[in-house]
């Protein structure tokens with residue numbers, strides 16, 4: 001009998017294999033957070049120990065240093081085909097969250113990603129977003145088209161049913177592929193516990209605080225917590241009533257801040 | 001017991017309160033994060049409107065601005081007895097594609113009907129589509145009971161109306177519950193406002209639904225998703241849609257009919273557990289004991305429980321395309337991992353979901369349901385929806401878009417194609433001719449010299465008394481393949497036809513020489529698979545530089561200028577053979593020398609000695 005994690009795993013593997021078979025040039029985003037580590041793990045399962053496409057990291061330069069250390073260590077251990085992108089022009093011009101968090105996110109993450117996609121001509125980008133994170137992500141498709149300027153037309157998404165995904169698209173456009181869409185934060189941690197997947201230490205409580213969601217240092221807050229192991233995190237999440245992105249400042253600038261970020265090409 | 005959430009979709013006519021009900025359910029069961037209700041109060045205050053439960057799910061600005069759900073979304077909660085994944089679906093007919101996106105994955109449904117308005121167009125359409133999608137567990141929530149003063153008489157009217165409609169499509173609702181989503185009545189507990197109602201609350205109705213039955217007890221269906229050669233293993237990957245598989249099983253692949261045994265079920269490098277069997281739902285990879293040709297789209301099964309094979313199916317289709325579907329339209333049909341090119345051969349009836357009547361029609365409008373006959377170029381492997389839903393449903397694609405979905409009623413033409421055994425054996429033919437039949441498949445770039453070599457080889461062999469004939473790329477396009485263009489799909493079909501004809505000639509004892517660029521490895525592998533014994537792949541391996549220097553037809557010049565699109569070697573790929581039977585290096589050699597080399601090869605493989613060894 002397959003349990004819920006087995007089912008999620010099998011479905012995610014199916015999605016990975018569809019993307020790999022149907023699209024010419026795909027890559028996977030790696031934010032170094034727990035979700036993208038789970039994705040890496042699933043990719044290695046889907047392709048029998050191989051990751052047959054590049055792993056992209058969009059480096060905003062404001063990531064917490066431990067994250068970069070972790071990235072380089074894991075990339076080496078798992079022999080990942082890692083490509084690092086950065087919006088150097090915006091950084092040279094002094095882009096910083098002080099200029100507005102949404103503005104900064106758009107410039108460093110969205111534009112940084114766009115440049116990377118254009119440079120390599122990827123037609124599919126695998127991203128680790130989940131429905132339970134946020135209301136507009138709850139409306140996403142597993143295979144989600146982006147137009148030639150990377151925009152998401154949230155008002156007219158393609159039908160998607162019976163695991164028949166949209167894999168035909170006009171030249172110049174691309175697809176975002178979301179293998180973790182059906183997972184919840186708790187599923188991710190239970191799976192990390194079951195499989196023994198490595199994650200950055202920042203997730204574990206020190207002196208009564210831990211990071212629940214990882215982003216850039218200036219915009220990501222820690223939460224009060226005593227959970228210092230994966231099992232304790234699972235236990236904490238089973239009872240918590242606060243949302244995961246509560247510590248993410250860029251979501252809160254206005255009612256539609258996140259929708260606008262995503263429509264413009266954010267993950 | 002199970003952590004797997006039951007998937008429930010909430011459907012119904014626009015503005016009957018689906019999202020409000022979902023928001024309420026989440027709130028009543030404590031599923032909303034801390035501060036969510038306060039946050040939404042703030043949002044509603046800013047908009048100068050009363051508190052709106054629907055905003056929990058309606059996260060998009062356009063949805064909040066217009067007060068309607070545009071796209072489907074889903075959230076998990078716990079009823080206290082079981083985890084549930086609740087799927088909110090839009091009710092506006094403009095967004096039917098999104099309703100289907102939400103509903104197709106559900107195991108049960110709640111149909112919401114406004115007590116005041118009663119059963120409306122989309123109530124019926126959604127009810128009908130749920131049934132078509134295979135959902136049989138439907139509960140009805142008669143909402144906004146507060147607007148009809150909790151009138152039992154009005155409730156009974158609406159209940160009778162919806163029961164009558166659902167009975168027409170063979171559905172009996174599990175419960176019909178009077179509710180007020182806005183007021184929170186009969187959501188999680190019995191409300192005193194409906195003392196006359198004895199049934200369960202909405203949560204109670206959800207608890208009464210049964211989880212979908214496992215597909216493990218059905219016949220094995222493993223549609224091939226991909227074939228991997230990352231390392232020394234050749235792994236056939238796919239998800240087991242139904243049944244189970246174990247090491248040692250003899251699998252047959254339809255439609256090709258090839259078969260081999262499962263040598264192993266593969267794990268991955270990070271695991272050293274030996275897997276001996278796998279069940280429905282698992283994404284697996286297997287290796288086979290024989291190197292048979294297998295490709296994406298084929299369905300692996302056991303010999304004694306095969307799927308149907310047919311070129312024509314009758315199907316019930318819901319059409320989502322902007323333009324109407326018409327007789328003769330050509331579409332791509334995606335069923336499991338296979339893709340077939342089909343034509344609408346008949347529109348048998350268009351179903352009026354309002355009164356369930358049917359009428360004749362030459363076309364099917366947007367959001368309508370119809371019974372069609374679809375005809376495919378190649379044989380399709382499938383089950384009827386009733387036998388095995390996962391292999392009995394498909395989507396239709398036009399251009400870049402999914403424009404409809406359907407379920408297979410039955411196969412129209414099983415065509416009863418059987419292999420007929422010839423009385424004249426291949427050996428007898430070979431003895432009479434003095435050589436074996438076969439297909440010499442010349443592949444290479446444009447200008448590589450394929451046609452020149454083929455024609456000269458034909459002349460030399462004919463002079464020796466051989467039964468020999470050339471099938472040339474340009475020539476077949478005047479007749480056999482005059483309906484085909486140069487798209488990838490048409491090139492594939494072109495090669496398929498030439499391959500089939502070539503093998504028929506070969507069976508008749510003739511040596512067939514073909515001269516086609518045939519740039520795609522998979523296309524050539526498919527021709528090889530028809531009869532691997534008879535097929536000899538000859539790579540005319542003239543390099544691109546040399547071909548371009550020769551440029552006998554001036555085509556490279558045009559391609560470089562961008563005047564010819566998809567030109568092999570310039571703007572379209574050429575996938576060179578990995579293990580050809582023979583590679584001819586023509587650079588610096590005359591046609592004479594090259595053909596002499598080829599004649600020697602042909603005589604060794606197809607000549608007298610080869611004929612003698614047929615009996616050995």
I'd like the residue in segment B:1-35 that is within 14 Å of another protein chain (Cβ to nearest Cβ) and out of contact with any helix residue (DSSP H, G or I) (no Cβ under 9 Å at 6 or more places or on another chain) and, out of all such residues, is modelled with the lowest pLDDT. B:1
Picking from B:578, B:563, B:612, B:593, the residue that is touching a residue at least 24 places away in the same chain (Cβ under 8 Å) and either farther than 21 Å from residue B:460 by Cβ or not assigned by TED's automatic domain parsing to the domain that holds residue B:227 (or both) would be B:578
In segment B:166-184, anything out of contact with any strand residue (DSSP E or B) (no Cβ under 8 Å at 6 or more places or on another chain), without any contact (Cβ under 8 Å) to a residue 60 or more places away in the chain and either buried (at least 20 other Cβ atoms within 10 Å of the Cβ) or part of a strand (DSSP E or B) (or both) is listed as none
Going through segment A:203-233 in order, the residues found to be surrounded by 19 or more Cβ atoms within 10 Å (Cβ to Cβ) and part of a helix (DSSP H, G or I) are A:203, A:230, A:233
Taking the condition crowded, with 24+ Cβ neighbours inside 10 Å, within 26 Å of residue A:5 (Cα to Cα) and touching a residue at least 40 places away in the same chain (Cβ under 8 Å), does residue B:113 pass? no
Which of the strands (runs of 3 or more DSSP E) found entirely inside segment B:1-114 contain at least 2 residues meeting this: over 29 Å from residue B:407 (Cα atoms)? B:73-78
Inspect all residues belonging to segment B:205-214 and state whether any of them is within 14 Å of another protein chain (Cβ to nearest Cβ), buried (at least 17 other Cβ atoms within 10 Å of the Cβ) and not in a strand (DSSP E or B). no
Tell me which strands (runs of 3 or more DSSP E) are completely within segment B:281-341 and hold 1 or more residues being away from chain A (no Cβ under 11 Å) and under 16 Å from residue B:254 (Cβ atoms), or say none if there are none. B:283-288, B:299-302, B:308-319
With out of contact with any helix residue (DSSP H, G or I) (no Cβ under 8 Å at 6 or more places or on another chain), touching a residue at least 24 places away in the same chain (Cβ under 8 Å), surrounded by fewer than 16 Cβ atoms within 10 Å (Cβ to Cβ) and assigned by TED's automatic domain parsing to the domain that holds residue B:609 as the only criterion, which of B:465, B:434 stands out? B:465
Flagged in segment A:22-58 as assigned to a loop (DSSP other than H, G, I, E, B) and more than 14 Å from every other protein chain (Cβ to nearest Cβ), in numbering order, are A:30, A:31, A:32, A:33, A:54
Out of all the residues in segment A:14-24, which are surrounded by 16 or more Cβ atoms within 10 Å (Cβ to Cβ) and touching a residue at least 60 places away in the same chain (Cβ under 8 Å)? A:14, A:15, A:16, A:18, A:19, A:22, A:23
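For segment B:80-94, enumerate the residues that are surrounded by 22 or more Cβ atoms within 10 Å (Cβ to Cβ) and out of contact with any strand residue (DSSP E or B) (no Cβ under 6 Å at 6 or more places or on another chain). Before you say what the answer is, go through the steps one by one.
Applying the first criterion (surrounded by 22 or more Cβ atoms within 10 Å (Cβ to Cβ)) to segment B:80-94 yields B:84, B:86-91.
Result: B:90, single match.
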Would you check if residue B:99 is within 13 Å of another protein chain (Cβ to nearest Cβ), crowded, with 22+ Cβ neighbours inside 10 Å, modelled with pLDDT of 90 or more and in contact with a helix residue (DSSP H, G or I) (Cβ under 7 Å, 6 or more places away or on another chain)? yes
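The values are calculated or read from the model by the stated rules, or taken from the named source; none is laboratory data. The shown structure was predicted, so the numbers you read here are calculated from the model rather than taken from an experiment. In this analysis, Cβ positions are derived from the backbone assuming ideal geometry, glycine residues included, and neighbour counts consider all displayed protein chains.
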